[in-house]
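Okay, structure first, notes after.
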Amino acid sequence: MSSYPEHSALTRRQIMQGTVALAATSFWAGCSGSSSSANSSSQAPTNPQPAPTGPVTQASLTVTGNTAGSIGPAFAGLSYEKEKLYSPTFTSSNSDLIGLFNRIGPSVLRVGGNSVDRNIWTPNGAGQTAGQIAPSDVASLAAFVKAVGWQCLYGINLGGAATGATTPALAAAEVAYAAGQFGSSLLGIEIGNECDLYGNTGSYFAGNWSLKQFLSLWGQFRSAILATTPGVPITGPAAAGSVTNWTIPFGQAVTKNEITLLTQHYYRANGDLPTSTGAFLITPDTHIVEELAELQTGAQGIGIPFRMAECNSFYNGGASGVSDSYASSLWVIDYLFNCAQGGATGVNFHGGGNGPGYTPIADNNGAVVGARPEFYGILLFTLAGQGTLFETQVSAGSLNVTGYAVKTSSGGLNIIVVNKDLTQNLQLSMALPQAANTATLLGMTQLSSGATAPDLAATAGVTIQGASVNVDGTFSPSTAYTLTANSAQLTCYVPALSAVLIQVA
């Protein structure tokens, strides 16, 4: 493909919005079983939620009719290192990975990371060769993306320009080929990765780097790319941090005439620090709220959307035994809703491989090992669907409890409550902005063999309504619990260290 309509990305998103909403509705109907015919307030629930064992604290949740943000199409996406292109990961025959992508999609796959600046476009390359990106590697990735119905944010090498390993002309050739392979599945091109760090010791332009220099080099690459592939969407700056000093000034300099999407990365903390624990991960994150507010104001001033195009729990690959633990299941729900409330159009969780750090999906050289705990939190979020976020007010004393509400386009109300207390179960009273005719509940929890309670540090045993997600993405949860609806009032239990998804119709 040699050119793109100026607003093609927006059009595709609008089309995908209806697709995702339909998928979420269909999935819920499949999960609910007989509970889809939940009885009205005058009848007992057909499949009541059992009372949890252990101490119970009374709590309340009020859902107001005030708007607090929105969840649009393709919100919860994934991100992988570009070096994954020369492993047998992204192929149209990798049915297990396709199944897991389908379970949470359609969304956006971002390919970039640190390895984007260590790999060279090799137009005559044989493919599957370390350090090289060959046409066959890109074609395989594009076939995978089309097979799952996702879109791709595709990163190209900029850091290599420091040594001449890459050039604007080489980047332009790669983008031209990629654009032809992806077609309308290409959401945008990233030029470089975390370029705000290029001036650090040991990096590409160590000791001699600034935003001004980045803008000049980035502009050379962009011009060459557009000369070969007119209209291809360009995004940026894919910064590691420095929202105030890098991301927003970059956007203001290039304006919406040169980029279609402002991109930012985010990690909670350094995974190598002893303070990067599960207990810390699930505490309220005031920093992300502040950063999102700044990004939202900056992006609105530029007139373009923004996306957290690479993120996860802790950087440096994650914290072993934490980023791959049940703590990540609970953390990721709050993070996703924080981003939605903060105005982001979506997020991309970085991952890949089977190490002890972060990755939603674990794989061994492309072969799926399984869905990690983090995947379950992402899945529960996607089951809440798309729509308008309503403000919520949670009263649970000093307990670490959060609640979110999504008003769907069909008129339903989906509520997620996350109880991050280690021991206290909640008996939750809910006040809704609309009458509830029926209400069902799915619960996410963790239980190891022989244990009697969830363990924040456990790296397995996470379920949603008693079911695990299989390596091929198949998932058969038990029948959803039915709740008694009393006009605009509901009650349910939220066990300790668990999250529940309530659908009200």
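Considering only segment 93-113, state which residues are small (Gly, Ala, Ser) and out of contact with any Lys or Arg (no Cβ under 8 Å at 6 or more places or on another chain). Can you show your working first?
Keep residues of segment 93-113 that are small (Gly, Ala, Ser), which gives 93, 95, 99, 105, 107, 112-113.
Residues satisfying the conditions are 93, 95, 99, 105, 107.
In segment 137-152 there is no residue that is on the phi < 0 side of the Ramachandran plot, surrounded by fewer than 20 Cβ atoms within 10 Å (Cβ to Cβ) and assigned to a strand (DSSP E or B). Of the residues contained in segment 340-348, one or more are found to be within 27 Å of residue 70 (Cβ to Cβ), of a type in the set (A, V, I, L, M, F, W, C) and part of a loop (DSSP other than H, G, I, E, B). For the residues 258, 290, the requirement of being closer than 16 Å to residue 236 by Cβ, open to solvent by 20 Å² or more (accessible area, probe 1.4 Å) and modelled with pLDDT of 95 or more singles out 258.
When residues in segment 476-499 are screened for being surrounded by fewer than 17 Cβ atoms within 10 Å (Cβ to Cβ) and either touching a Leu at 6+ places or on another chain (Cβ under 6 Å) or at negative phi (or both), 6 of them pass. With respect to the conditions (1) buried (at least 21 other Cβ atoms within 10 Å of the Cβ); (2) not in a strand (DSSP E or B), residue 433 lacks only one, and its number is (1).
I'd like the full set of residues that are open to solvent by 10 Å² or more (accessible area, probe 1.4 Å) and small (Gly, Ala, Ser), limited to segment 358-376. If the condition is that a residue be open to solvent by 10 Å² or more (accessible area, probe 1.4 Å) and small (Gly, Ala, Ser), then 367, 370, 371 are the ones that fit. Looking only at segment 249-290, residues that are among the aliphatic types (A, V, I, L, M), out of contact with any strand residue (DSSP E or B) (no Cβ under 8 Å at 6 or more places or on another chain) and not in a loop (DSSP other than H, G, I, E, B) come to 3 in all.
Suppose the filter is open to solvent by 40 Å² or more (accessible area, probe 1.4 Å) and on the phi > 0 side of the Ramachandran plot; does residue 473 pass it? Let's see the steps before the verdict.
Numbers: open to solvent by 40 Å² or more (accessible area, probe 1.4 Å): no; on the phi > 0 side of the Ramachandran plot: yes.
Spelling it out, it is not the case that residue 473 is open to solvent by 40 Å² or more (accessible area, probe 1.4 Å) and on the phi > 0 side of the Ramachandran plot.
Among the residues of segment 314-333, which ones are buried (at least 24 other Cβ atoms within 10 Å of the Cβ), of a type in the set (S, T, N, Q) and either assigned to a loop (DSSP other than H, G, I, E, B) or in contact with a Leu (Cβ under 6 Å, 6 or more places away or on another chain) (or both)? Across segment 314-333, the qualifying residues are 323, 325.
Beta carbons closer than 6 Å, at least 6 apart along the sequence or on distinct chains, pair a first residue in segment 73-96 that is free of Cβ contacts under 8 Å to residues at least 60 places away in the same chain with a second that is surrounded by 21 or more Cβ atoms within 10 Å (Cβ to Cβ) and of a type in the set (D, E, K, R) for 85/137; 86/137.
Taken residue by residue, segment 447-462 has no member that is part of a loop (DSSP other than H, G, I, E, B) and buried (at least 23 other Cβ atoms within 10 Å of the Cβ).
Given the criteria closer than 20 Å to residue 182 by Cα, surrounded by 19 or more Cβ atoms within 10 Å (Cβ to Cβ) and in contact with a Cys (Cβ under 7 Å, 6 or more places away or on another chain), does residue 97 qualify? Let's see the steps before the verdict.
Details: closer than 20 Å to residue 182 by Cα: yes; surrounded by 19 or more Cβ atoms within 10 Å (Cβ to Cβ): yes; in contact with a Cys (Cβ under 7 Å, 6 or more places away or on another chain): no.
In short, no.
Being among the aliphatic types (A, V, I, L, M), under 16 Å from residue 347 (Cα atoms) and open to solvent by 10 Å² or more (accessible area, probe 1.4 Å), is that true of even one residue in segment 280-287? Among the residues of segment 280-287, not one is among the aliphatic types (A, V, I, L, M), under 16 Å from residue 347 (Cα atoms) and open to solvent by 10 Å² or more (accessible area, probe 1.4 Å), which makes the answer no.
Note on segment 216-260: residues that are closer than 19 Å to residue 177 by Cβ and more than 25 Å from the chain's Cα centre (by Cα) amount to 11.
Would you say residue 175 is in contact (Cβ under 8 Å) with a residue 40 or more places away in the chain, under 22 Å from residue 360 (Cα atoms) and either touching a strand residue (DSSP E or B) at 6+ places or on another chain (Cβ under 8 Å) or assigned to a helix (DSSP H, G or I) (or both)?
no
Taking the conditions (1) out of contact with any Lys or Arg (no Cβ under 7 Å at 6 or more places or on another chain); (2) open to solvent by less than 30 Å² (accessible area, probe 1.4 Å); (3) in a helix (DSSP H, G or I) in turn, residue 116 satisfies each one other than (1). Among the residues making up segment 171-203, those that are surrounded by fewer than 21 Cβ atoms within 10 Å (Cβ to Cβ) and either over 30 Å from residue 106 (Cα atoms) or hydrophobic (A, V, I, L, M, F, W, C) (or both) are 173, 176, 197, 199, 200, 201, 202, 203. Number of residues in segment 234-248 that are in contact with a strand residue (DSSP E or B) (Cβ under 7 Å, 6 or more places away or on another chain) and in a helix (DSSP H, G or I) equals 3.
Being open to solvent by less than 10 Å² (accessible area, probe 1.4 Å) and farther than 26 Å from residue 475 by Cα narrows it down to one of 131, 155, so name that one. Break it down stepwise before answering.
Numbers: 131 fails: open to solvent by less than 10 Å² (accessible area, probe 1.4 Å).
None of the others qualify; the one that does is 155.
In segment 64-100, the qualifying residues are those that are part of a loop (DSSP other than H, G, I, E, B) and not polar (S, T, N, Q), and the one that is farthest from residue 365 (Cα to Cα) is 72. Of the set (1) part of a helix (DSSP H, G or I); (2) in contact with a Leu (Cβ under 7 Å, 6 or more places away or on another chain), all apply to residue 336 but (2).
Based on what the data block shows, is residue 45 of a type outside the set (S, T, N, Q), over 21 Å from residue 157 (Cβ atoms), modelled with pLDDT under 95 and surrounded by fewer than 19 Cβ atoms within 10 Å (Cβ to Cβ)?
On the way: of a type outside the set (S, T, N, Q): yes; over 21 Å from residue 157 (Cβ atoms): yes; modelled with pLDDT under 95: yes; surrounded by fewer than 19 Cβ atoms within 10 Å (Cβ to Cβ): yes.
Taking the combined requirement at face value, the residue satisfies it.
The values are calculated or read from the model by the stated rules, or taken from the named source; none is laboratory data. Remember, predicted model here, so these are calculated numbers, not experimental data. Quick reminder, even Gly has a Cβ in these numbers, built from the backbone with ideal geometry, and neighbours come from all protein chains shown. All accessible areas refer to the heavy atoms of the entire protein, side chains included, with ligands and DNA or RNA removed. Shrake-Rupley method; radii C 1.70, N 1.55, O 1.52, S 1.80 Å.
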